[in-house]
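Engineer: Let me begin by handing over the structure; questions about it come next.
The values are calculated or read from the model by the stated rules, or taken from the named source; none is laboratory data. Predicted, not measured: the structure shown is a model, and the values here were computed from it. Counting neighbours? That spans all protein chains shown, and the Cβs are built from the backbone with ideal geometry, glycine included.
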Amino acid sequence: MTTWDVSRRIATGRGNGAASHCLGGAVEDRAEERGPQASPEGRAPSRVVRRGLGLGGTTAGLAFFCASLSPSLLPRSWILQGVVGGVAAILGYGLGCMVAVALRRLGLVPSGRARAVAWRLVITAGAVICASVLWFSADWQREVRATMGMDTRIAWFQPLIAILAAATFAVLLGVARSIRLGTRKLIGLLGRFIPPLVAQVAGVVVVVLLINVFANDVLFAGLVEVVNTTSSVANRATEPGVEPPRSPELSGGPGSLVPWGTLGRMGRDFVGRATTVAELKAFTGGEAVQPIRVYAGLESASSYREQARLAVRELRRTGGFQREALALMGTTGTGWVDEKAAAALEYMYAGDTALVAMQYSYLPSWLSFLLDRSKAARASRALLDAVRAELARMREEERPRLLVFGESLGSYGMEAAFGGLDRMVVWTDGVLLAGPPNANPIWSELVTHRDPGTPMWRPVYRGGERVRFGQYPADLDGPPVDVAYLQNASDPVVWWRPDLVWRKPEWLQEPRGPDVAPAMRWYPVVTFWQVVVDLLFANDVPPGHGHRYGVNVADGWAAVAAPDGWTEADTARLRKVLAAIPA
């Protein structure tokens, strides 16, 4: 049997069951047009799952698969590409079927001959185009890796990508058609007792509700429960090599108001890995003091407000309000604080610093962001209010410099705590925020109202007098500013937002960011899905790309909080020291 014979049999619905049936109810053969009166689709409902593919859905599915092979913000493996391609294909198939149904409702039904020709074109052209795009996809992935300074020698098995994508597509299509079959059976059952139209509406509504309940209350709730249980167990663990501090200037140490056991895993890391006086002296070549690190875990107090009050009492005990610089360190979901950002400040001030942080969740940042990002805002606001209230009782000349740091969800919490740029500038002496999510309120306002002609990935706000954005050290050069943002052009955390589904983002317009591949293009739905996948692997790239900011925090602090006498040479030395600190 020739390819053309296969095409003819597919197009006419002979030989492979009724071909051309779609993902969620779209059917493209003439027998389907007789409607539910003859029978649900004029044939045995059980064959819904076994039917062939629809022309419209197949065309769109192949197009989406090819689009998914194009590069996105971050590199990916051939295995991941296969899964990404399969999901993209099923999304395209569903949309194509919906369009086919809409056209059929408008009476735009092609003749049998036209359908046969169309199938031949789809099969031949689709095969050629997919093979070509698969071939070029390896070069595109090498291009992405090259922009990030990664090894371009990669394994990229095009045939296996196609097979894995097809398998992923088949599984998802089977699930969707099984749901469709169940819906038809339910409608048939209800049709015995109520009018057909009412039965159809009721059946669809019931199935949608059941899917929603299963997805939210079973799958997602189960995932959250598993992650929460796992995270809470991990929160009680302690990393190897981390021991209770011997210095009274550290929470969990001698005389601390915060017991070591209540700090949580990330809190114990924060205080247990504090920079030592010996390390500071080696850097400064002179005198140094033991830095203060204060931390309040979820188990340290009963509420965010009580945690904040406990942290302030701990700052009083350790003498934190008498240090030259006092920094509020915004944490991610699990309570993590970027050690490079913390150590950088301590090296700059020879240890004459007090860093304070609070934990607000056991969950990782991405899950905290989805479930309740307001926790980050409430915890940050509680800490900010408690510290400012204590500072208000001090004479102005005795107050330390109040600094703020936040990364990822920690930056969101800090922004939400201030509520606006003016308060952030007036209430603090310097703010450094890294990898801000697109939902950050102040960041969004600044980027939206950036100076004309400046790109979204490196905006300039009002001439850069108060705020500066940077990815590379040179981006932050210039006079000191009040607020500095570190944002990589390839960071999906910064750029992901829901309207990527239907709108081309400004960060993909020319000129584009320095580490965004020239071959990256925006495709409806597909680019949204690609960037969602990028979010999951945003830290699996070298520092300075993706969601990793590494030693660039040294330049960020130098831009907003450099101590007297600090030079560019000092920043360069600090970068070398920070590079030796494990990520």
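Engineer: All but one of (1) in a helix (DSSP H, G or I); (2) modelled with pLDDT of 95 or more; (3) surrounded by fewer than 17 Cβ atoms within 10 Å (Cβ to Cβ) hold for Glu397, so report the exception by its number.
Structural biologist: (2)
Engineer: Another question, if that's okay. Any idea how many residues of segment 181-236 are in a helix (DSSP H, G or I) and aromatic (Phe, Trp, Tyr)?
Structural biologist: Residues in segment 181-236 being in a helix (DSSP H, G or I) and aromatic (Phe, Trp, Tyr): 2 in total.
Engineer: Take Ala392 and tell me if it is of a type in the set (Gly, Ala, Ser) and touching a residue at least 12 places away in the same chain (Cβ under 8 Å).
Structural biologist: no
Engineer: Quick one: in segment 251-269, of everything that is outside any helix (DSSP H, G or I) and without any contact (Cβ under 8 Å) to a residue 24 or more places away in the chain, which residue is farthest from Leu574 (Cα to Cα)?
Structural biologist: Pro254
Engineer: Select from segment 410-443 the residues that are part of a helix (DSSP H, G or I), of a type in the set (A, V, I, L, M, F, W, C) and touching a Gly at 6+ places or on another chain (Cβ under 6 Å) and list them in ascending order.
Structural biologist: The one that is part of a helix (DSSP H, G or I), of a type in the set (A, V, I, L, M, F, W, C) and touching a Gly at 6+ places or on another chain (Cβ under 6 Å): Met414.
Engineer: Consider only pairs whose beta carbons are under 7 Å apart and that are at least six residues apart or on different chains; among these, list those whose first residue lies in segment 495-511 and is within 20 Å of Pro441 (Cβ to Cβ) and whose second residue is among the hydroxyl-bearing types (Ser, Thr, Tyr) and part of a helix (DSSP H, G or I).
Structural biologist: Leu500/Thr527
Engineer: Only one residue in Val447, Val460 is aliphatic (A, V, I, L, M), touching a Pro at 6+ places or on another chain (Cβ under 6 Å) and farther than 23 Å from Ala341 by Cα, so which one is that?
Structural biologist: Val447
Engineer: With respect to Leu535, determine if the residue is closer than 23 Å to Thr147 by Cβ and among the hydrophobic types (A, V, I, L, M, F, W, C).
Structural biologist: Taking the combined requirement at face value, the residue satisfies it.
Engineer: Being assigned to a helix (DSSP H, G or I), crowded, with 19+ Cβ neighbours inside 10 Å and among the charged types (D, E, K, R) is the filter here, so list the residues in segment 270-293 that pass it.
Structural biologist: Selection gives nothing.
Engineer: Sort out which residues of segment 527-567 are touching a helix residue (DSSP H, G or I) at 6+ places or on another chain (Cβ under 8 Å), within 19 Å of Arg468 (Cβ to Cβ) and of a type in the set (A, V, I, L, M), and write them in order of number.
Structural biologist: Listed by number, the residues that qualify are Val551, Val553, Ala554, Ala558, Ala559, Ala561, Ala562.
Engineer: Could you check Arg113 against (1) within 15 Å of Gly56 (Cβ to Cβ); (2) without any contact (Cβ under 8 Å) to a residue 12 or more places away in the chain and say which number it fails?
Structural biologist: (1)
Engineer: Given the criterion part of a loop (DSSP other than H, G, I, E, B), among the acidic types (Asp, Glu), surrounded by 20 or more Cβ atoms within 10 Å (Cβ to Cβ) and not assigned by TED's automatic domain parsing to the domain that holds Asp422, identify the matching residue among Asp540, Asp515.
Structural biologist: Only one candidate passes the filter, namely Asp515.
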